[in-house]
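Comments concern the structure below.
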Amino acid sequence: MARYGKRARKTVEGVMRKKKKGSLKSGKSGKPVKSRKQAIAIGLSEARRKGAKVPKKKAA
């Protein structure tokens, strides 16, 4: 069974496009995101907020 739903994949795709274009900003500071991993994390958290099928965040 798939871990991530189609909706989650679409959201992450969109965020990665924003990152590539240079228009993806991070949280409160509003600085442009440079890290690929951070861009994916932002995409997944957005997908979670939209109610997509995404596994829960692991506790730090």
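Out of all the residues in the range 19-48, which are open to solvent by less than 100 Å² (accessible area, probe 1.4 Å), touching a helix residue (DSSP H, G or I) at 6+ places or on another chain (Cβ under 9 Å) and not in a loop (DSSP other than H, G, I, E, B)?
Lys19, Pro32, Gln38, Ala39, Ile40, Ile42, Gly43, Leu44, Glu46, Ala47, Arg48
Give me the residue from the range 1-18 that is of a type in the set (Lys, Arg) and either in contact with a Phe, Trp or Tyr (Cβ under 9 Å, 6 or more places away or on another chain) or closer than 10 Å to Ala39 by Cα (or both) and, out of that set, least open to solvent (accessible area, probe 1.4 Å).
Lys18
The values are calculated or read from the model by the stated rules, or taken from the named source; none is laboratory data. The structure presented is a predicted model; accordingly, all values stated were derived computationally and were not measured. Counting neighbours? That spans all protein chains shown, and the Cβs are built from the backbone with ideal geometry, glycine included. Heavy atoms of the whole protein, side chains included, go into the accessibility calculation; ligands, DNA and RNA do not. Shrake-Rupley method; radii C 1.70, N 1.55, O 1.52, S 1.80 Å.
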